[in-house]
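The values are calculated or read from the model by the stated rules, or taken from the named source; none is laboratory data. Since this is a predicted model, take the numbers as computed values, not measurements. Cβ atoms come from the backbone with ideal geometry, glycine included; neighbour counts cover every protein chain shown.
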There are 2 protein chains.
Amino acid sequence: MTATLGTTSTTKTPDLGPAVELVSKEEGHRQPLAPEFVSAEDFSPLEVAYDFGRVRREDIEAGPKNIWRYKKLLPVPSNVEEIPNTEPGATRLVRADRLAKELGLKRVWVKDDTGNPTHSFKDRVVAVALAAAREFGFEVLACPSTGNLANATAAAAARAGWRSVVLIPKTLERAKILTTAVYDGDLLAIDGNYDDVNRLATELAGEHPKWAFVNVNVRPYYSEGSKTLAFEVAEQLGWRIPPQIVVPIASGSQLTKVDKGFRELGQLGLVDASPYKVFGAQATGCSPVSAAFREGHDVVQPVKPDTIARSLAIGNPADGPYVLDIVNRTGGAIEDVSDEEVVEGIRLLARTEGIFTETAGGVTVATAKKLVETGKLDPDAETVLLITGDGLKTLDAIENHVGPKATLPPSAAAVNEALGS
Amino acid sequence: MTATLGTTSTTKTPDLGPAVELVSKEEGHRQPLAPEFVSAEDFSPLEVAYDFGRVRREDIEAGPKNIWRYKKLLPVPSNVEEIPNTEPGATRLVRADRLAKELGLKRVWVKDDTGNPTHSFKDRVVAVALAAAREFGFEVLACPSTGNLANATAAAAARAGWRSVVLIPKTLERAKILTTAVYDGDLLAIDGNYDDVNRLATELAGEHPKWAFVNVNVRPYYSEGSKTLAFEVAEQLGWRIPPQIVVPIASGSQLTKVDKGFRELGQLGLVDASPYKVFGAQATGCSPVSAAFREGHDVVQPVKPDTIARSLAIGNPADGPYVLDIVNRTGGAIEDVSDEEVVEGIRLLARTEGIFTETAGGVTVATAKKLVETGKLDPDAETVLLITGDGLKTLDAIENHVGPKATLPPSAAAVNEALGS
């Protein structure tokens with residue numbers, strides 16, 4: 001047995017598959033794999049670097065129908081599919097002809113990530129975080145969250161037989177509390193706002209060597225889970241990269257990892273390394289990256305969020321500058337939409353494709369509409385929209401907008417009259 | 001062009017794939033395929049009969065990752081996968097070792113149908129109903145419903161570009177109204193209870209030749225969609241039938257179709273025709289089939305439902321006698337559980353496997369527990385539990401039972417003290 005590389009005590013060498021080291025995003029400083037998230041050299045985020053070796057389509061296609069089919073491209077152990085976890089992924093890629101027509105685009109695909117175990121893409125990142133955390137010897141899965149991440153963390157810990165510690169602002173809606181509490185972990189309501197909860201998580205991560213805060217101390221591994229969105233889209237399109245993709249921006253991590261996923265597929269020869277454009281979507285009430293893009297800045301000015309798209313409401317997005325780099329490099333664009341447009345986006349997707357998304361998905365659809373109108377999305381190029389969460393979790397957003405067409409007595413005549421039929 | 005066989009006007013012969021005729025369940029009277037649901041000869045339900053021809057595992061395995069991979073076993077056209085529909089199915093079959101341990105069973109599998117497009121198994125039956133209805137020349141998709149079916153019908157119609165007419169009791173919870181209304185069909189709130197709404201649907205079906213009420217006039221096709229649960233379970237187990245399966249009972253249709261699915265697989269040589277036992281699960285507050293089973297009757301005495309498991313609350317289950325036949329024939333059993341046990345079942349599944357089910361799933365889990373305790377489920381035989389709907393839709397059931405462990409100030413010391421860590 002060799003000594004551990006991490007900061008936690010463990011008696012075995014972590015098996016993180018193809019992952020070989022961590023690299024700082026700013027200056028490329030390299031350091032051994034460990035549960036760390038900021039470079040001590042340049043204070044930039046740490047990212048996982050790999051030695052992939054040879055990866056073939058056939059190996060992936062023969063794998064399980066979940067994200068572990070891509071295990072050779074993730075920082076997870078080689079037997080990851082044998083270890084209890086939530087097994088997310090393999091969600092639908094829906095050809096959305098009716099939506100395309102309304103948007104004025106020739107071909108649109110909707111990646112419907114509401115099919116995940118707790119109905120958001122967070123299951124992907126949490127599953128990877130759990131797999132890596134286990135290798136580092138952690139024993140508790142933790143997070144600060146206001147919703148989707150809380151659900152995913154509590155569910156994954158339950159499935160694995162781990163304890164979870166989930167910190168939420170005490171003002172959270174009862175529905176989001178219930179959907180986390182049901183998994184029976186240690187759910188703690190904190191008398192403070194989300195920033196307070198986040199700071200508390202970082203402090204606790206320092207004190208508890210056995211607690212893996214998925215989006216804090218194991219963040220480099222966690223965030224790699226978003227690459228599986230890119231992998232699935234490419235595989236579902238018959239192993240090719242879509243020319244245009246629209247991605248919602250919260251911290252910006254997902255957008256950067258979708259780009260990383262596409263690049264890795266190209267580098268490995270799993271797809272033709274064709275050009276693609278990455279587009280970012282924000283709600284105007286929290287649009288620091290969109291504002292920076294519009295003004296041509298390469299840094300992001302923090303804002304105080306005020307939008308119904310709460311799962312995207314990160315006022316100081318950690319990966320904002322990297323998002324700007326990618327969007328500029330690929331020739332994409334970033335736009336933001338009003339809360340009214342978000343609701344319209346939710347309704348448009350539901351009405352045309354029968355997919356009910358949360359506010360973040362409404363942001364993506366409405367932004368796509370705006371990007372067509374402003375000529376930034378090429379109407380003739382195939383476009384993928386990432387729909388990352390479920391409408392059942394944000395019912396408040398639509399409750400003053402939709403309802404029964406009429407309330408009637410139980411009579412066929414009344415129905416016929418009401419419907420003019 | 002030949003004349004239509006159905007009661008609706010259409011200009012083409014319906015292509016319903018391998019389906020060849022309808023057969024009455026009681027006396028086996030045969031009649032041509034049509035949108036009819038009761039035999040005029042013996043007044044029993046009509047069921048689809050097939051001429052399957054040769055069906056090979058390879059053909060199925062090469063099909064799409066949704067229920068249409070089984071199109072050669074369903075009453076749907078041969079090009080069904082090319083027509084917009086919700087494409088449900090391919091949901092997870094989860095090996096549930098932690099649940100198995102708590103139940104005292106050696107091996108348990110959970111079929112997690114919350115991964116469907118609108119998060120219940122109803123997407124399966126509605127998709128088949130829509131596919132068949134289109135062949136019969138219908139143009140409107142309709143249903144009476146109190147929840148899951150309303151969601152599935154409105155979503156499928158939206159995706160297909162059809163109009164939907166969904167009838168609900170006006171007292172339905174706001175959440176269930178919103179999750180149907182968002183798809184922008186004709187949702188009508190009826191001033192009456194579910195029985196009133198149901199009667200109204202039957203009356204309207206008679207008046208409107210272009211309206212396919214999924215669970216009324218196209219019910220024989222609709223109900224065949226439940227067979228895909230059996231097909232998927234068998235395929236996911238490596239083409240074999242589980243020795244024990246626990247199925248919730250509402251109308252009883254799902255249980256009869258799971259059995260039909262297993263039998264068809266055996267007849268076609270797609271699996272070894274090994275023996276299996278089918279177990280039924282009801283909530284005590286609506287347990288007419290369980291009561292009949294216990295008393296050894298072969299008919300079912302209707303009851304007035306009073307249970308939190310509202311999606312199972314059918315007091316006069318149409319397929320009750322057939323359920324009794326199957327359970328007795330296969331050597332299974334039926335049990336019912338109290339509302340308190342239903343909540344415990346929901347919590348047990350969430351706590352052990354990270355799967356949050358609606359009340360119907362709580363019924364299935366709690367019934368499995370009772371069946372083990374009473375010696376009716378063999379602890380050494382592999383057992384599949386059908387989890388057919390999502391906890392997000394029945395939050396009321398758990399809201400007085402789960403919540404945060406504590407509410408604390410934003411201090412690490414307070415957290416550590418509260419958790420004793």
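Select from the stretch A:119-146 the residues that are in a loop (DSSP other than H, G, I, E, B) and hydroxyl-bearing (S, T, Y) and write down the one among them that is surrounded by the fewest Cβ atoms within 10 Å (Cβ to Cβ). Talk me through it step by step, then tell me what you get.
Going through the stretch A:119-146, the residues in a loop (DSSP other than H, G, I, E, B) turn out to be A:119, A:121, A:136-139, A:145-146.
With the extra rule that they be hydroxyl-bearing (S, T, Y), the set shrinks to A:145-146.
Details: A:S145: 27, A:T146: 19.
The selected residue is A:T146.
Taking the stated definitions as given, is A:T114 part of a helix (DSSP H, G or I), within 13 Å of another protein chain (Cβ to nearest Cβ) and either over 30 Å from B:Y183 (Cα atoms) or among the polar types (S, T, N, Q) (or both)?
Yes, satisfied.
Any idea which of A:L74, A:L103 is over 22 Å from B:I387 (Cα atoms), away from chain B (no Cβ under 11 Å) and crowded, with 24+ Cβ neighbours inside 10 Å?
When all the criteria are applied, what remains is A:L74.
From the list A:R98, A:R69, A:R92, pick out the single residue that is touching a strand residue (DSSP E or B) at 6+ places or on another chain (Cβ under 7 Å) and either under 24 Å from A:L141 (Cα atoms) or at pLDDT 95 or above (or both).
After applying the criteria, what remains is A:R92.
Would you check if there is a residue in the stretch B:335-343 being in contact (Cβ under 8 Å) with a residue 24 or more places away in the chain, aliphatic (A, V, I, L, M) and in a helix (DSSP H, G or I)? Don't jump to the end; show me each part of the working.
Going residue by residue through the stretch B:335-343, those that are in contact (Cβ under 8 Å) with a residue 24 or more places away in the chain are B:335-339, B:341-343.
Keeping just the survivors that are aliphatic (A, V, I, L, M) gives B:337, B:342-343.
So of that shortlist, the ones also in a helix (DSSP H, G or I) come out as B:342-343.
Checked the stretch B:335-343: at least one residue is in contact (Cβ under 8 Å) with a residue 24 or more places away in the chain, aliphatic (A, V, I, L, M) and in a helix (DSSP H, G or I).
Residues in the stretch B:287-299: is at least one more than 17 Å from B:T374 (Cβ to Cβ) and in contact (Cβ under 8 Å) with a residue 60 or more places away in the chain?
Checked the stretch B:287-299: no residue is more than 17 Å from B:T374 (Cβ to Cβ) and in contact (Cβ under 8 Å) with a residue 60 or more places away in the chain.
Scan the stretch B:175-225 for residues that are among the aromatic types (F, W, Y), within 11 Å of chain A (Cβ to nearest Cβ) and crowded, with 23+ Cβ neighbours inside 10 Å and report the count. Reasoning before the result, please.
Within the stretch B:175-225, the first condition is being among the aromatic types (F, W, Y), and the residues that meet it are B:183, B:194, B:211, B:213, B:221-222.
Keeping just the survivors that are within 11 Å of chain A (Cβ to nearest Cβ) gives B:183, B:194, B:211.
Within this subset, residues satisfying the condition of being crowded, with 23+ Cβ neighbours inside 10 Å are B:183, B:211.
Residues that pass the stated criteria total 2.
Please enumerate the residues belonging to the stretch A:355-379 that are away from chain B (no Cβ under 14 Å) and either closer than 28 Å to A:G147 by Cα or in contact with a His (Cβ under 9 Å, 6 or more places away or on another chain) (or both).
Once the filter is applied, which keeps residues that are away from chain B (no Cβ under 14 Å) and either closer than 28 Å to A:G147 by Cα or in contact with a His (Cβ under 9 Å, 6 or more places away or on another chain) (or both), the stretch A:355-379 yields A:A360, A:V363, A:T364, A:A366, A:T367, A:A368, A:K369, A:K370.
Restricting to the stretch A:280-317, name every residue that is assigned to a helix (DSSP H, G or I) and of a type outside the set (S, T, N, Q).
Looking only at the stretch A:280-317, we keep the residues that are assigned to a helix (DSSP H, G or I), and these are A:288-295, A:310-312.
Residues satisfying the conditions are A:P288, A:V289, A:A291, A:A292, A:F293, A:R294, A:E295, A:R310, A:L312.
Out of all the residues in the stretch B:166-178, is one or more within 20 Å of A:I398 (Cβ to Cβ), of a type in the set (V, I, T), in a helix (DSSP H, G or I) and out of contact with any Phe, Trp or Tyr (no Cβ under 8 Å at 6 or more places or on another chain)?
yes
Which of the residues that make up the stretch A:26-68 are touching a helix residue (DSSP H, G or I) at 6+ places or on another chain (Cβ under 6 Å), under 23 Å from B:E61 (Cβ atoms) and not in a loop (DSSP other than H, G, I, E, B)?
Residues satisfying the conditions are A:I60, A:I67, A:W68.
Of the residues in the stretch A:339-354, how many are more than 21 Å from the chain's Cα centre (by Cα) and away from every other protein chain (no Cβ under 13 Å)?
Residues in the stretch A:339-354 being more than 21 Å from the chain's Cα centre (by Cα) and away from every other protein chain (no Cβ under 13 Å): 2 in total.
Does the stretch B:147-170 include one or more residues that are among the basic types (K, R), within 11 Å of chain A (Cβ to nearest Cβ) and surrounded by fewer than 21 Cβ atoms within 10 Å (Cβ to Cβ)?
Within the stretch B:147-170, one or more residues are among the basic types (K, R), within 11 Å of chain A (Cβ to nearest Cβ) and surrounded by fewer than 21 Cβ atoms within 10 Å (Cβ to Cβ).
Restricting the search to the stretch A:388-413, which residues are in contact with a helix residue (DSSP H, G or I) (Cβ under 9 Å, 6 or more places away or on another chain), of a type in the set (A, V, I, L, M) and either outside any loop (DSSP other than H, G, I, E, B) or within 30 Å of A:A230 (Cβ to Cβ) (or both)?
A:L392, A:L395, A:A397, A:I398, A:A406, A:L408, A:A412
Conditions (1) basic (K, R); (2) at pLDDT below 95, marked per residue:
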{"position": "A:R174", "(1), (2)": "yes, yes"}
{"position": "A:L188", "(1), (2)": "no, no"}
{"position": "A:G192", "(1), (2)": "no, yes"}
{"position": "A:A212", "(1), (2)": "no, no"}
{"position": "A:Y221", "(1), (2)": "no, no"}
{"position": "A:G225", "(1), (2)": "no, no"}
{"position": "A:G238", "(1), (2)": "no, no"}
{"position": "A:Q244", "(1), (2)": "no, no"}
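I'd like the full set of residues that are under 23 Å from A:D390 (Cα atoms), in contact with a strand residue (DSSP E or B) (Cβ under 6 Å, 6 or more places away or on another chain) and not in a strand (DSSP E or B), limited to the stretch B:355-387.
B:I355, B:E358, B:A360, B:G361
Give the stretch A:380-415 a look and list any residue that's loosely packed, with under 14 Cβ neighbours inside 10 Å and more than 7 Å from chain B (Cβ to nearest Cβ), or say none.
Scanning the stretch A:380-415 gives A:D380, A:D396, A:N400, A:A413.
Yes or no, residue by residue, for (1) modelled with pLDDT under 95; (2) over 23 Å from A:K101 (Cα atoms):
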residue: A:D378; (1), (2): no, no
residue: A:E382; (1), (2): no, no
residue: A:T388; (1), (2): no, no
residue: A:G391; (1), (2): no, no
residue: A:T394; (1), (2): yes, yes
residue: A:P404; (1), (2): no, yes
residue: A:S411; (1), (2): no, yes
residue: A:V415; (1), (2): no, yes
residue: A:G420; (1), (2): yes, yes
